[in-house]
Amino acid sequence: MGEEVRKHPIIICRCRDVTLDDVLKAIDEGCEDLECIKRRLGLGMGPCQGRTCIPLVIGIMARRLGKKPDELLIPKPRAPVTPIPVSLLLKSVDVKVEGEGGDENA
Amino acid sequence: MPGMPPLKDRRIWEHPILTFKRGRRVKFYFNGNVVEGYEGESIAAALYAAGYDVFSRSPYKGRARGAFCMIGKCSSCFAVVDGVPNTRTCVEPIREGVKVEFQEGLAEIPSATGGLEGKDEEVIEGVDVLVIGGGPAGLAAAIAAAKHGLSVLIVNEHFKLGGQLIKQTHKFFGSKDLFGGLRGFQVAEELESKVRSMRNVRVLLQATAYGFFRDGWVGVAGKDRLYRVKPRFVIAAPGAAERHLAFPGNDLPGVMGAGGAQTLMNEYGILPGDEVLVVGSGNVGVIVSYQLLQAGAKVKGIVEILPYIGAWFVHAAKIRRYGVKVYTRHTIKEVWGKDRVEGATIVRVDEHFKPVPGSETDIPCDLVLIAVGLTPDTRLLAQAGAVVTWVPELGGLVPIRTKYLETSVPGLFIAGDASGIEEATTAMIEGEIAGLSAVVRAGADDAGNAAERREALLKFLWDEYRASPVVAKAKAGKLKVTVSEDEMERIRVSNPPPVRFGS
């Protein structure tokens with residue numbers, strides 16, 4: 001095997017190709033919780049919505065910053081928690097709900 | 001597109017204990033080439049069986065990607081299917097003539113004429129219990145609720161019911177009413193036929209609950225339409241995802257979750273690799289190694305960072321008989337290969353788990369399995385407003401719950417791996433407890449049988465099943481997040497639930 005097949009990055013988020021170096025750099029530049037990392041790197045915002053990367057990053061940040069996972073401001077998931085084709089959303093029907101109408105995020 | 005490996009037949013035709021029931025032959029296309037699979041296979045499985053293991057290039061770095069979790073939890077197996085990009089090929093069944101194409105980086109915006117044609121959303125009101133997830137917990141919950149006359153809607157992400165039971169080929173321990181003596185996939189068959197025989201249970205396959213909304217509406221996305229569901233109660237049993245590790249090359253095709261390999265091998269009868277390195281010597285790592293050996297693969301070694309094997313003795317003894325090398329006090333340093341795994345380097349660690357320079361070993365292999373545990377898939381529960389907390393013993397973020405498995409969102413219950421990682425038997429017990437809780441709360445327990453059965457299950461679960469020292473860790477974790485009704489009321493005061501069920 002040649003050298004090139006040995007030099008792979010460490011991928012933390014496969015959806016958005018975020019690497020361990022990206023995460024460590026963001027921490028060194030002052031990101032102290034997951035909300036910050038998410039906004040900076042888009043972690044957790046790809047098609048799998050953080051199912052792989054968030055547990056990895058929680059471990060990395062907890063160790064690096066000496067914090068407990070619950071102190072890392074784990075981002076609140078929002079609907080839709082999984083990607084939905086726009087063509088389906090366009091076929092939504094109007095449902096009269098109690099209160100003043102349209103749906104909102106819970 | 002990366003260079004293709006020589007095409008081969010990865011299907012397992014002879015197996016010492018399993019016979020694979022294959023459906024009728026189905027022809028479809030990958031990049032214009034005809035691929036033959038069998039009805040009931042996923043696209044990812046059928047491609048893999050034919051030797052295609054790279055389905056896309058990643059969006060920003062152009063890295064090769066293929067199968068990883070095989071159960072629709074990650075984003076590795078994306079391809080373009082009938083013009084629709086980002087399709088999870090592992091949970092998409094093959095169909096005659098379906099056109100699968102390699103996805104080169106970021107998807108194009110689908111045109112108005114191509115791709116999916118949506119049907120009108122269906123509004124489902126008046127259902128008593130919405131069960132999210134058709135694995136062991138969800139099916140047990142559905143059966144318990146439906147038995148007492150409640151109407152049940154099951155939404156299941158996969159195109160088959162049964163969750164991860166369908167890839168479990170080992171026999172269950174325990175008594176007959178806990179399915180002792182049956183293999184996991186047989187348990188799934190029993191649960192499924194029971195559910196299918198109940199007229200007050202409706203099942204939606206390839207359907208994902210995507211959010212909780214005002215006034216207790218739940219959004220469900222099906223394959224060709226949305227559903228808007230207004231249930232009286234919700235039982236969430238969405239399962240778990242595999243944990244991953246950070247090492248160079250950890251995204252190469254050929255690095256796979258142990259569960260992903262079990263899906264290929266045990267469910268579809270497809271050999272996931274010829275020469276395998278397994279990372280993690282817990283039960284899953286050791287069981288998957290044994291199953292690989294039975295299926296005809298060579299297990300090059302099992303890597304374990306601790307000084308001892310984590311698996312229960314009964315499982316560890318099986319691989320010992322085969323002489324599989326277990327590298328204790330070792331970790332994986334990197335994986336190498338061009339576009340797919342060609343080998344891995346492992347390294348010894350010191351007592352602080354730090355790699356010891358100079359102690360590296362190169363291991364040529366074409367498959368590296370990550371068997372380092374699962375993490376509960378609780379995103380939907382957190383979106384619903386259920387208070388979650390990080391519990392390492394349970395694999396990650398889990399909801400706080402009462403002993404009856406109700407979360408801080410009234411009328412929203414949890415069961416199975418999403419309530420904290422254990423295994424299929426506890427998942428079924430929790431599912432039944434959650435189902436019975438809905439019965440009791442709905443006022444459908446006329447004779448008091450449901451309440452009585454629930455107490456008996458709770459007693460068995462906590463005092464007998466979880467009394468075993470081998471599950472002490474999970475028990476400790478579950479104790480941490482199980483609170484009294486009074487405590488839950490206090491939690492609800494400080495974290496007001498945005499939606500409420502159960503009225």
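The values are calculated or read from the model by the stated rules, or taken from the named source; none is laboratory data. Remember, it's a predicted structure, so these values are computed and weren't measured experimentally. Every residue, glycine among them, receives a Cβ derived from its backbone with ideal geometry; neighbour counts consider all protein chains shown. Remember, those area values only see protein heavy atoms, side chains included, never the ligands or the DNA or RNA. Shrake-Rupley method; radii C 1.70, N 1.55, O 1.52, S 1.80 Å.
If I ask for residues that are in contact (Cβ under 8 Å) with a residue 60 or more places away in the chain and open to solvent by 20 Å² or more (accessible area, probe 1.4 Å), which ones from region B:286-313 would you list?
The answer is B:I287, B:Q294, B:G296, B:K300, B:W312.
Taking into account only those residues within region B:343-365 that are of a type outside the set (A, V, I, L, M) and in contact (Cβ under 8 Å) with a residue 40 or more places away in the chain, which is surrounded by the most Cβ atoms within 10 Å (Cβ to Cβ)?
Our first condition is that a residue be of a type outside the set (A, V, I, L, M); within region B:343-365, this holds for B:343, B:345, B:348, B:350-355, B:357-362, B:364-365.
Going one step further and asking which of them are in contact (Cβ under 8 Å) with a residue 40 or more places away in the chain, we end up with B:353, B:364-365.
Working: B:F353: 10, B:P364: 14, B:C365: 25.
Only one residue fits best here, namely B:C365.
Conditions (1) open to solvent by 10 Å² or more (accessible area, probe 1.4 Å); (2) more than 30 Å from B:T328 (Cβ to Cβ); (3) under 21 Å from the mean Cα position of the chain (by Cα), marked per residue:
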position: B:T208; (1), (2), (3): yes, yes, yes
position: B:D224; (1), (2), (3): yes, yes, no
position: B:K230; (1), (2), (3): yes, yes, no
position: B:F233; (1), (2), (3): no, yes, no
position: B:G249; (1), (2), (3): no, no, no
position: B:V255; (1), (2), (3): no, no, yes
position: B:M265; (1), (2), (3): no, no, yes
position: B:D274; (1), (2), (3): yes, no, no
position: B:N283; (1), (2), (3): yes, no, yes
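Within the bounds of region B:89-108, is there any residue that is touching a helix residue (DSSP H, G or I) at 6+ places or on another chain (Cβ under 8 Å), of a type in the set (D, E, K, R) and either closer than 29 Å to B:I270 by Cα or surrounded by 16 or more Cβ atoms within 10 Å (Cβ to Cβ) (or both)? Break it down stepwise before answering.
Here is the first cut: in region B:89-108, the residues touching a helix residue (DSSP H, G or I) at 6+ places or on another chain (Cβ under 8 Å) are B:89-90, B:92-94, B:98, B:100.
Remaining after also requiring of a type in the set (D, E, K, R): B:92.
Narrowing further to those that are either closer than 29 Å to B:I270 by Cα or surrounded by 16 or more Cβ atoms within 10 Å (Cβ to Cβ) (or both): B:92.
Looking through region B:89-108, at least one residue is touching a helix residue (DSSP H, G or I) at 6+ places or on another chain (Cβ under 8 Å), of a type in the set (D, E, K, R) and either closer than 29 Å to B:I270 by Cα or surrounded by 16 or more Cβ atoms within 10 Å (Cβ to Cβ) (or both).
Assuming B:N283 fulfils every condition listed in (1) touching a residue at least 40 places away in the same chain (Cβ under 8 Å); (2) among the polar types (S, T, N, Q); (3) more than 24 Å from A:V18 (Cβ to Cβ) apart from one, which condition is it?
Going through the list (1) touching a residue at least 40 places away in the same chain (Cβ under 8 Å); (2) among the polar types (S, T, N, Q); (3) more than 24 Å from A:V18 (Cβ to Cβ), B:N283 breaks only (1).
Does B:E334 satisfy the criteria of being touching a Ser or Thr at 6+ places or on another chain (Cβ under 7 Å), at pLDDT 95 or above and not aliphatic (A, V, I, L, M)?
yes
Only one residue in A:L72, A:L88, A:L20 is at negative phi, open to solvent by less than 20 Å² (accessible area, probe 1.4 Å) and in contact with a strand residue (DSSP E or B) (Cβ under 6 Å, 6 or more places away or on another chain), so which one is that?
It is A:L88.
Filter region B:250-273 for residues that are under 15 Å from B:Y38 (Cα atoms) and touching a Pro at 6+ places or on another chain (Cβ under 6 Å) and give the result.
Once the filter is applied, which keeps residues that are under 15 Å from B:Y38 (Cα atoms) and touching a Pro at 6+ places or on another chain (Cβ under 6 Å), region B:250-273 yields B:L264, B:M265.
B:V368 - would you say it is open to solvent by less than 10 Å² (accessible area, probe 1.4 Å), within 30 Å of B:P307 (Cβ to Cβ) and at pLDDT 95 or above? Show your work before the answer.
On the way: open to solvent by less than 10 Å² (accessible area, probe 1.4 Å): yes; within 30 Å of B:P307 (Cβ to Cβ): yes; at pLDDT 95 or above: yes.
The answer is yes for B:V368.
Does any residue in region B:417-434 that is at positive phi and open to solvent by 10 Å² or more (accessible area, probe 1.4 Å) come within less than 6 Å, Cβ to Cβ, of a residue that is β-branched (V, I, T) and outside any loop (DSSP other than H, G, I, E, B) six or more places away or on a different chain, and which pairs are these?
Once the first residue is at positive phi and open to solvent by 10 Å² or more (accessible area, probe 1.4 Å) and sits in region B:417-434, no partner that is β-branched (V, I, T) and outside any loop (DSSP other than H, G, I, E, B) comes close enough.
Do you know which residues across region B:187-230 are at pLDDT below 95 and away from chain A (no Cβ under 12 Å)?
none
Just a yes or no: is a residue in region B:392-406 open to solvent by less than 50 Å² (accessible area, probe 1.4 Å), more than 11 Å from every other protein chain (Cβ to nearest Cβ) and of a type in the set (F, W, Y)?
yes
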